[in-house]
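Comments concern the structure below.
The values are calculated or read from the model by the stated rules, or taken from the named source; none is laboratory data. Quick caveat, the model's predicted, so the values are computed rather than measured. Note that we place each Cβ from the backbone using ideal geometry, even for glycine, and neighbour counts take in every protein chain shown. Please note that ligands, DNA and RNA were not included when accessible areas were found on the heavy atoms of the full protein model with its side chains. Shrake-Rupley method; radii C 1.70, N 1.55, O 1.52, S 1.80 Å.
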Amino acid sequence: MDIHEYQAKQLLAKYGVAVPVGDIAYKAHEAENVAKWLDEPIMVVKAQIHAGGRGKAGGVKIVRSVEEAIEAADKMFNMRLVTHQTGPEGRSVHRVYIESGVAYDKELYFSILNDRETAGITLIASTEGGMDIEEVAEKTPDKIIKVRLGPAAELQPHHARSLSYDLGLKGKTGRSAQKLFMNVFRAFLDLDATLLEINPLVTTKAGDVMALDCKMSFDDNALWRHRDIEELRDDEEIDPLELEAARHDLNYVKLPGSIGLMVNGAGLSMATMDILKYYGGSAANFLDVAGAATPERVAAAFKLIYSDPGVKGILLNIFGGMMRCNSIAEGLVNAAREVGLNKPLVVRLEGTNVELGREILEKSGLPIQPVNTMGEAAKKIVDAVKGL
Ligand code: ADP
Ligand code: MG
């Protein structure tokens with residue numbers, strides 16, 4: 001689960017990390033109140049969306065008066081923000097954060113993440129803050145500093161010291177940075193975060209170190225022990241289809257392809273995606289109808305995929321072990337009738353009561369294309385969506 005920048009900053013502040021003072025607005029008149037309350041000589045108005053790259057896209061505005069702040073916030077509430085992370089359709093802005101402007105000295109980069117490569121925790125820092133870190137890593141890899149920890153290890157003061165030394169931070173600034181690294185690490189562990197990124201982390205002439213931006217992601221499987229964090233979820237930032245899927249307990253992930261997939265079991269889902277790719281197709285989603293799929297769940301899953309405008313055709317590949325093929329066929333036929341099926345639908349059913357299942361599909365009179373093998377299924381759906 002992801003949260004907004006201002007929420008991440010509030011969490012950081014609880015762990016003793018310095019952040020600029022600010023407040024959130026959901027409406028233009030609230031932005032006016034915040035700006036009047038803050039009333040700093042320099043303020044920064046920031047669109048809150050779950051995507052980075054806002055600065056370059058007009059989602060971060062530095063202003064010098066309350067009037068300018070109100071005007072900038074107004075504009076943001078009415079804008080669709082397109083950054084390199086939102087995709088071309090962009091995101092509409094529902095929340096705007098206004099905080100005090102910081103006269104910083106240097107912009108640094110600092111993040112902590114669960115590292116799949118080492119199966120541990122990795123800290124990444126760089127003197128090249130405020131920029132796209134992927135680009136820094138590609139063009140100037142020597143500017144990336146990494147500290148790799150084992151999965152059960154904790155950050156030690158000597159790690160924090162050498163990090164701030166490697167960043168060229170000295171004296172009071174160096175000591176402030178060490179303290180900040182320790183505090184951020186504590187937040188990362190305590191809150192079951194999977195990613196905590198501060199970009200930029202800035203230093204000031206007075207020797208302070210501050211987080212001007214923050215992105216935090218959390219382990220969904222640990223949210224049950226962080227109810228307060230779960231409450232920070234912003235449904236407006238979640239793909240509506242993913243929200244609907246969560247409501248039906250379906251494992252659904254939206255993908256950019258054109259073929260909707262309905263499969264049971266994560267393994268079979270992955271294999272289906274592979275074989276689809278092999279025959280030149282691309283999946284519009286990952287969907288695992290999981291274990292006990294009743295006709296109702298099958299219908300809900302089908303309708304969900306069908307309603308995705310990016311889906312040109314659907315491939316259903318289900319092995320009926322615990323759930324019987326006749327139940328699956330029943331759910332599918334009902335849902336297909338309900339939506340008035342007019343997209344190609346290829347079905348491969350296998351397992352318990354498969355003959356009964358096929359009979360239901362045939363008798364339905366719907367334009368469903370039944371096949372026997374996965375290869376056939378993939379070929380058929382790829383052909384069917386060609387040119388659509
Ligand atoms: P994004 O990463 O989405 O572009 P940031 O919050 O990092 O958004 O803001 C972009 C840039 O704007 C920062 O690199 C920094 O230079 C500047 N900035 C952001 N917040 C402040 C602030 N409170 N004071 C001064 N400058 C800021
Ligand atoms: Mg940033």
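In the stretch 21-101 the Cα-Cα distances spread across 5 Å bins starting at 0 as 3, 19, 30, 23, 14, 7, 2, 0 percent of all pairs. Looking at the chain, the DSSP beta bridges with both ends there are about 70 percent antiparallel.
Once both labels are positioned 7 Å from their Cα atoms along Cα-to-Cβ, the gap between ALA153 and SER100 label points is 3.8 nm. Ordered by solvent-accessible area of protein heavy atoms (1.4 Å probe), largest first, the residues ASP234, ASP166 come out as ASP166, ASP234. Once you reduce the stretch 13-32 and the stretch 62-134 to the center of their Cα atoms, the two points are 14 Å from each other.
For the stretch 13-152, the dipole from Cβ point charges (+1 on Lys and Arg, -1 on Asp and Glu) about the Cα centre works out to 300 debye, to the nearest 20. In this Cβ point-charge picture (+1 for Lys and Arg, -1 for Asp and Glu), the stretch 115-156 has a dipole of about 180 debye about its Cα centre.
All distinct Cα pairs of the chain go into the 1/r average, and the inverse of that average, the Kirkwood radius, is 23.7 Å. Applying a DSSP loop filter and a limit of 15 other Cβ atoms within 10 Å to the trypsin sites (Lys or Arg not before Pro) in the stretch 294-388 leaves LYS386.
In straight-distance terms, cross-link reach from LYS277 covers every one of the aspartates and glutamates whose alpha-carbon lies under 14 Å from its own, apart from those fewer than eight places away in the same chain; here that gives GLU376, ASP383.
Between LYS36 and ASP383, the FRET efficiency estimated from the beta carbon spacing at R0 = 45 angstrom works out to 0.10. Hey, quick one: spin label on ARG337, modelled 7 Å out along Cα-Cβ, who in the stretch 348-367 has an amide N within reach, i.e. under 17 Å? Those under the cut-off are 357-367. In a fully extended conformation the segment linking VAL253 and ARG233 would gain 5.5 nm over its present Cα-Cα distance, using 0.36 nm per residue. For the stretch 77-210, the C-alpha radius of gyration sits at 1.15 times the compact-globule guess of 2.2 N^0.38 Å, with N the residue count.
Of all lysines in the structure, the ones whose alpha carbon falls short of 25 Å from that of LYS363, not counting any fewer than 8 places away in one chain, are LYS303, LYS312, LYS343, LYS379, LYS380.
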